[in-house]
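K.L.:
Can you read through this structure? Questions will come right after.
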Protein chains: 2
Amino acid sequence: MTESTKDAEYLGLLQNYYAAWHSLPSYNRLCEVLGLASRSAVSKVLNRLREAGFLDRTPDAMWVPTAHFFERSLAAFHVPAGTPDHAGEAGVEAFAVDAYLIPKPSHTTLVPVKGDSMIDAGIFSGDIAVVEQRVAAQAGDIVVAIVDNEFTIKTLDMERGKYLLRPANPAYPVIRPRGQLELFGVVVGLIRKYRS
Amino acid sequence: MTESTKDAEYLGLLQNYYAAWHSLPSYNRLCEVLGLASRSAVSKVLNRLREAGFLDRTPDAMWVPTAHFFERSLAAFHVPAGTPDHAGEAGVEAFAVDAYLIPKPSHTTLVPVKGDSMIDAGIFSGDIAVVEQRVAAQAGDIVVAIVDNEFTIKTLDMERGKYLLRPANPAYPVIRPRGQLELFGVVVGLIRKYRS
DNA sequence: TCGCTAAGTGAACATTTGTTCTCTAGCAAT
DNA sequence: ATTGCTAGAGAACAAATGTTCACTTAGCGA
């Protein structure tokens, strides 16, 4: 059961539509989106995509995307090294962004980054930090801490048995908490979006 | 115009349903999900949520969640001691990450980054670049280009009408393509994962 | 060339959809 | 109490839904 080229194209169109609207359209709309003239053809396409594992149905028979639907192609080559052989573009594998970045959704929060105190660590203002909430961390972890009632992102370090928060920017001072260090969570990932 | 407590509850139920199925149910199903007996009540709830900015409709009048729908306030979490002023910034719910980063799934590839030639731009070895494949780009864009049969990620710039590729690391030279510059795509996002 | 298969068309169908209307119950303010 | 207001119930409706059927077309191998 080879994945048909045409169906892959249909899947791409569906993914684009879903990315724009966060929802799958009705059959009538699908005719336009997929470039088909009849709803019965749409029905067949959807059933094929379900058999391929990209779609599923709710108990109410509504079409919904599966985890496979959200997988993206991950280029096998590295940048800049590597041998492109880009004609084939072979060796792309599936990659689910959400599952990769957020293994524990219930304990994870996305925190917008403000300020440039971690600029040398490649964390810029406007980035979004993926924060796993927990109370314990190790020296070397990048953490979200609460200092003077404000959230701040810094590298956690230890000096003579006491924790301190180290910025990654020489223009900022090291923070040595007076009492207990209040930890919001550990930064486990980073998201950045370019352009608007 | 106060945000009703009941509506907030309805919104939560909707968010739960959406988290489970990645789709909004039909009115009949919504009656069960929201605990209402009549579809007209459902209609009113949805319209209220639209006015509050959590829902919208496609041109085909289908209900879809808006960006607000996916937002989750930091304040919703228990923060140990104190009320940090997080300046009204809000987190985004986990499953929206994918849609946030990848507006055009079918033209997007994820490319692992190797090397430190873009380190000053906050792009490190091991990061994953979100690359939108296209042939045109503007000066200032970070692009994935093909130079000497190798993929490379650099900032695109123009000098005297000719394109050149500028690294974000003084240790690397500017690349001035001899002939035509071959573009693989434009970097529209970045993903980084800390620790394993 | 002949068939075979799969993909797409177009019409018909009973259901279901979402909307609109009127009506009732609860709540708040006076 | 009475008045107003809103949330929700319930019925009625035209319109749209998704499925099924028989039919056409295109591609492929023998």
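The values are calculated or read from the model by the stated rules, or taken from the named source; none is laboratory data. Note that the coordinates shown come from a computational prediction; the quantities given were computed from them, not determined experimentally. Neighbour counts are summed over all protein chains in view; Cβ atoms, including those assigned to glycine, are modelled from backbone coordinates with ideal geometry. SASA here: full protein model, heavy atoms, side chains in, ligands and nucleic acids out. Shrake-Rupley method; radii C 1.70, N 1.55, O 1.52, S 1.80 Å.
K.L.:
With (1) closer than 16 Å to A:Y172 by Cα; (2) at pLDDT 90 or above; (3) not aliphatic (A, V, I, L, M) as the list, and A:K114 as the residue in question, which single condition is left unmet?
P.N.:
With (1) closer than 16 Å to A:Y172 by Cα; (2) at pLDDT 90 or above; (3) not aliphatic (A, V, I, L, M) applied to A:K114, the lone miss is (2).
K.L.:
In region A:60-84, what count of residues is obtained for those that are part of a loop (DSSP other than H, G, I, E, B), modelled with pLDDT of 90 or more and not aliphatic (A, V, I, L, M)?
P.N.:
Residues in region A:60-84 being part of a loop (DSSP other than H, G, I, E, B), modelled with pLDDT of 90 or more and not aliphatic (A, V, I, L, M): 1 in total.
K.L.:
Can you tell me how many residues in region B:21-69 are of a type in the set (F, W, Y), open to solvent by 50 Å² or more (accessible area, probe 1.4 Å) and under 21 Å from the mean Cα position of the chain (by Cα)?
P.N.:
Going through region B:21-69 one residue at a time, the tally reaches 1.
K.L.:
Applying the selection to region B:144-196, what residues are hydrophobic (A, V, I, L, M, F, W, C) and either over 27 Å from A:L74 (Cβ atoms) or in a loop (DSSP other than H, G, I, E, B) (or both)?
P.N.:
Within region B:144-196, B:M158, B:L164, B:A168, B:A171, B:V174, B:L181 qualify.
K.L.:
Right, here's the next one. If you go through region B:1-39, how many residues are within 10 Å of DNA strand C (Cβ to nearest atom), of a type in the set (G, A, S) and either more than 11 Å from chain A (Cβ to nearest Cβ) or in contact with a strand residue (DSSP E or B) (Cβ under 6 Å, 6 or more places away or on another chain) (or both)?
P.N.:
1
K.L.:
Looking at region A:55-72, which of its residues are touching a Phe, Trp or Tyr at 6+ places or on another chain (Cβ under 7 Å) and away from DNA strand D (no atom under 11 Å from the Cβ)?
P.N.:
A:L55, A:T58, A:V64, A:P65, A:T66, A:H68, A:F69, A:E71, A:R72 - these are the residues of region A:55-72 that are touching a Phe, Trp or Tyr at 6+ places or on another chain (Cβ under 7 Å) and away from DNA strand D (no atom under 11 Å from the Cβ).
K.L.:
Looking only at region B:144-187, count how many residues are open to solvent by 50 Å² or more (accessible area, probe 1.4 Å) and within 11 Å of chain A (Cβ to nearest Cβ).
P.N.:
Number satisfying all stated conditions: 5.
K.L.:
Okay, moving on. Considering only region A:1-54, give the helices (runs of 4 or more DSSP H) lying wholly within it that have at least 2 residues that are in contact (Cβ under 8 Å) with a residue 12 or more places away in the chain and within 11 Å of DNA strand D (Cβ to nearest atom).
P.N.:
Because the criterion is at least 2 residues that are in contact (Cβ under 8 Å) with a residue 12 or more places away in the chain and within 11 Å of DNA strand D (Cβ to nearest atom), the helices (runs of 4 or more DSSP H) in region A:1-54 that meet it are A:27-34, A:39-51.
K.L.:
State the number of residues belonging to region B:101-119 that are over 15 Å from A:Y100 (Cα atoms), of a type outside the set (S, T, Y) and facing another protein chain (nearest Cβ under 9 Å).
P.N.:
8
K.L.:
Over 25 Å from A:S106 (Cα atoms) and either within 11 Å of DNA strand C (Cβ to nearest atom) or not hydroxyl-bearing (S, T, Y) (or both): is that true of B:V42 in this structure?
P.N.:
Judged against the criteria, B:V42 is a match.
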